[in-house]
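Participant: Pasting a structure below so you can have a look.
Every read-out reported here was derived from the displayed coordinates using simple, explicitly stated rules and does not represent laboratory data. Computed from a prediction, not measured in an experiment: that's the story for all the values here. As a convention, Cβ positions derive from the backbone with ideal geometry for all residues, glycine included, and neighbour counts pool all protein chains shown.
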Amino acid sequence: MIMKTAISLPDQLYNEAEKTATSMGIPRSQLYAKAIEAFLDNRKQSNLTKKLNEIYGKSDSKSDFLGTEIGGLEALRELTKNDTW
């Protein structure tokens, strides 16, 4: 389903969008759809990064993700000590 909508843009932005759509060989509406999609994807990534920073920013550098009192390389060695690879 395609939803039609009307938007108001400053003249300069409209003119740049016109030139860009023409140079890309796509309709202006497709350019707008791509721009909105890219904006929303970027926003999702920013929110995910923010959440991950909140999670990992709270961790103690001496603790690994399992909460043990070993860090970094030692945690990796402990987790993989029985691996056969």
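Participant: Compute the FRET efficiency between residue 2 and residue 47 as 1/(1 + (r/R0)^6), taking r as their Cβ-Cβ distance and R0 = 35 Å, and round to the nearest 0.05.
Facilitator: 0.85
Participant: Which length gain, in nm to one decimal place, applies between residue 38 and residue 13 when the Cα-Cα distance is subtracted from 0.36 nm times their residue separation?
Facilitator: 7.3 nm
Participant: What does the charge count near residue 21 come to, summing +1 for each Lys or Arg and -1 for each Asp or Glu among other residues with Cβ under 13 Å from its Cβ?
Facilitator: +1
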